[in-house]
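A short write-up of the structure that comes next.
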Amino acid sequence: MSDLKFTSGLNHDTWNFSQLVIKSRFADAINEGISRYPIHRELRFAARMDLQTLFDKIALDPTWNAQRLNANSMILDAESFFVSASGGRSGDYSSCFFNVWAAGIAQAEAAEAALLNHIEPVRIIEPMFSINWNFLTSKRELASAEIEELANDTLYDEAYPCLKEGVSRFIERYLKADESVLVLQGLPGAGKTRLIRAILGEISRQKKDKARALYTGDMRALESDEIFVKFITGWDDAFVIEDADHLLKPRAHGNEHLHRFLSIADGVVRSQGRKIIFSTNLPNVSDLDDALIRPGRCFARVSFQKLVLEEAQMLSDKLCKAREMPVVDIDQALPNANKKRYSLAEIYKAINSAQAAQSAQ
């Protein structure tokens, strides 16, 4: 009888080339019975410099061998550490994310020091928050990207007349409340995203550290348990789900995914003071599942409406004063507003246009 020989193999799909490289090295190290990168660090920075220029400077540093994957990502390889770098552009600043694997603590610190040598002169030190944007790939695998955002939004009470107590007081009460769920309803341009950003910014200020938010607008990503497990087992301060129309409809209407949120809202998330924020374009409160918005689970459901002329003008006056520019007559600036009602997006656009026109004179 001949001897039978068996071989085994492991297949792994990855959408990120740097992950392919590092995991191949892990496999080689395990096969050789050695420990190659026992230390790992995650570094996040925001910088007032064009991302491509900043990454050019970092890539040309002789501390490492750089492989530029594209304008927004690269690999930095050295004898005792390996760095995966990625970034994005947000307004007038760049956000950078670095994964550092190193042979020891000293080597990890050396890699961080070398990176900071280029970043520190343009580094933003104001409060920030981090968005972990999750989406489903073409292979239906959950993937994510990190985005650093500056917590510099200024919200005016005049923009949110539905919040009778004022914006700051509303956010303060929500962050102190036992309830984890907040539902924001309103048509696009009503100011829901601005309010979410302000909530995350306030979490950062209270923590004296960056707030971290797990974010998705991809309803396909919510069809499995993976993203929920990621939130429950992770360190995110909030789970933000935008455009969650289908997710919030009553389960009697065929909603098969809401039960996952009902479970996590009453479990470890609530006990740790973490928050779940939904934004939806559903026009009516009655369109929401009663189990989600019941007292003890839901802090508030806020319905945003377009501002009437008087409210819109009050906001316009406040914005013009803050920008030290002449008052803008909203009725004249937006003559085609539907039934003399104005969204926040329309008002801000009108003020920005007037400011640009005045600057051009």
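The set of residues in segment 116-142 that are surrounded by fewer than 16 Cβ atoms within 10 Å (Cβ to Cβ) and closer than 18 Å to residue 99 by Cβ contains only 116.
Whenever a residue of segment 189-200 is modelled with pLDDT of 95 or more, its partners that are in a helix (DSSP H, G or I) and among the β-branched types (Val, Ile, Thr), lying with C-beta atoms within less than 6 angstrom and at least six residues away or across chains, give the pairs 199/171.
Listed by position, the helices (runs of 4 or more DSSP H) contained in segment 293-360 that have at least 3 residues being within 27 Å of residue 171 (Cα to Cα) are 309-322, 344-360.
Name the pairs whose Cβ atoms lie under 6 Å apart, with the first residue in segment 323-341 and under 10 Å from residue 309 (Cα atoms), the second of a type outside the set (Val, Ile, Thr) and part of a loop (DSSP other than H, G, I, E, B), and 6 or more positions between them or separate chains? Within 6 Å, the pairs are 341/306. For segment 83-97, a residue qualifies if it is within 17 Å of residue 17 (Cα to Cα) and buried (at least 22 other Cβ atoms within 10 Å of the Cβ), and the qualifying residues are 83, 85, 87.
Out of (1) under 16 Å from residue 147 (Cβ atoms); (2) outside any helix (DSSP H, G or I); (3) not basic (Lys, Arg), the odd one out for residue 187 is which? Among (1) under 16 Å from residue 147 (Cβ atoms); (2) outside any helix (DSSP H, G or I); (3) not basic (Lys, Arg), the lone unmet condition for residue 187 is (1).
Could you list all residues from segment 1-22 that are surrounded by 12 or more Cβ atoms within 10 Å (Cβ to Cβ) and either acidic (Asp, Glu) or modelled with pLDDT of 90 or more (or both)? Those that are surrounded by 12 or more Cβ atoms within 10 Å (Cβ to Cβ) and either acidic (Asp, Glu) or modelled with pLDDT of 90 or more (or both): 21, 22. Every listed requirement among (1) β-branched (Val, Ile, Thr); (2) free of Cβ contacts under 8 Å to residues at least 60 places away in the same chain; (3) not assigned by TED's automatic domain parsing to the domain that holds residue 221 is met by residue 119 save one, (2).
Restricting attention to segment 118-171 and to residues that are among the basic types (Lys, Arg), modelled with pLDDT of 85 or more and not in a helix (DSSP H, G or I), the residue that is nearest to residue 182 (Cα to Cα) turns out to be 164.
The values are calculated or read from the model by the stated rules, or taken from the named source; none is laboratory data. Keep in mind that what you see is a predicted model, and the values were worked out from it rather than measured. Backbone-built Cβ (ideal geometry, glycine too); neighbour counts: all protein chains shown.
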